[in-house]
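Report on the following structure.
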Amino acid sequence: QTSASMKNQLILALILMLSLFSSAQKKVGGFYKGTLFNDSTKMTQQYELALAEYRGKVMGYSYVTFVVNDTFYYGIRKINAKIVGDSLIVEDGKMIANNFPESPAKPVNRTVVIPFHGQDSLTSIDGRWTTNKTKVYYSVPGSVEASKSTDSSGSALFPHLKELGLMPNESNYVATETNTEENKKVEEVKTKTKAGNK
């Protein structure tokens with residue numbers, strides 16, 4: 001092999017390594033709150049997404065609410081998520097709880113594509129979603145917008161998850177970059193207080 005060929009192979013290997021490293025480094029864990037818009041029905045639904053990262057895997061739950069004929073409905077699903085290139089792909093999983101008047105169509109699931117826009121961390125959601133086509137239903141498209149929040153006190157999802165015994169540790173989902181520094185400061189104050197009391 002020529003030196004130029006070997007150089008090109010080395011550059012290609014480095015690019016591949018960097019792209020893999022970049023994908024592995026992306027951070028998505030947290031609590032997101034926003035809306036889903038249905039392009040077909042023109043309906044806007046309230047949307048919450050709780051994501052946790054564990055050993056390279058992304059897991060969590062989604063919460064969708066809407067009102068029809070003055071009646072409030074909600075649905076909670078377990079989601080399956082993965083990072084593909086510069087996007088986070090969130091797919092509907094098992095329905096955990098709902099108050100729908102009829103059982104939802106089992107073969108119909110939503111897939112949400114959330115671009116990172118070149119960022120290493122997901123701070124907001126601005127993406128598109130589609131449902132799968134079945135023998136009975138057409139594929140339906142829509143958009144999603146949500147912001148990452150460090151305050152879950154206004155969340156409707158977390159109380160449901162706690163009630164269902166699925167939320168043993170809320171901090172797995174609501175993670176902030178300042179937690180570590182704040183915890184250090186709290187521990188320093190506790191240490192000084194204890195030392196002063198002796």
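Summary table
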read-out	value
Centre separation in Å (Cα based) which lies between segment 70-99 and segment 104-138	9
Cross-link table Lys33/Lys78; Lys82/Lys133; Lys42/Lys162; Lys42/Lys78, entries beyond 23 Å C-alpha to C-alpha	Lys42/Lys162; Lys42/Lys78
Segment 55-103, relative contact order [Cα under 8 Å, separation at least 6], %	32
Peptide ranges 76-82, 139-145 listed from the most packed, as the mean C-beta count within 10 angstrom indicates	76-82, 139-145
Gain on full stretching of the segment that runs from Ser40 to Lys133 - 0.36 nm per residue minus C-alpha separation	32.1 nm
Hull volume in cubic angstrom per residue (convex hull over the Cα atoms of segment 72-168)	136
Net charge, Tyr47 excluded, C-beta distance under 11 Å - Lys, Arg +1, Asp, Glu -1	0
Listed residues Phe100, Gly75, Gln119: farthest to the positive end of the dipole of segment 73-138 (Cβ charges)	Phe100
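Taken together, the values in this text are just the output of simple stated rules run on the coordinates, not laboratory data. What you are looking at is a predicted structure, and each value in this text was computed from that prediction instead of being measured. Glycine also receives a Cβ, built like all others from the backbone with ideal geometry; neighbour counts cover every protein chain displayed.
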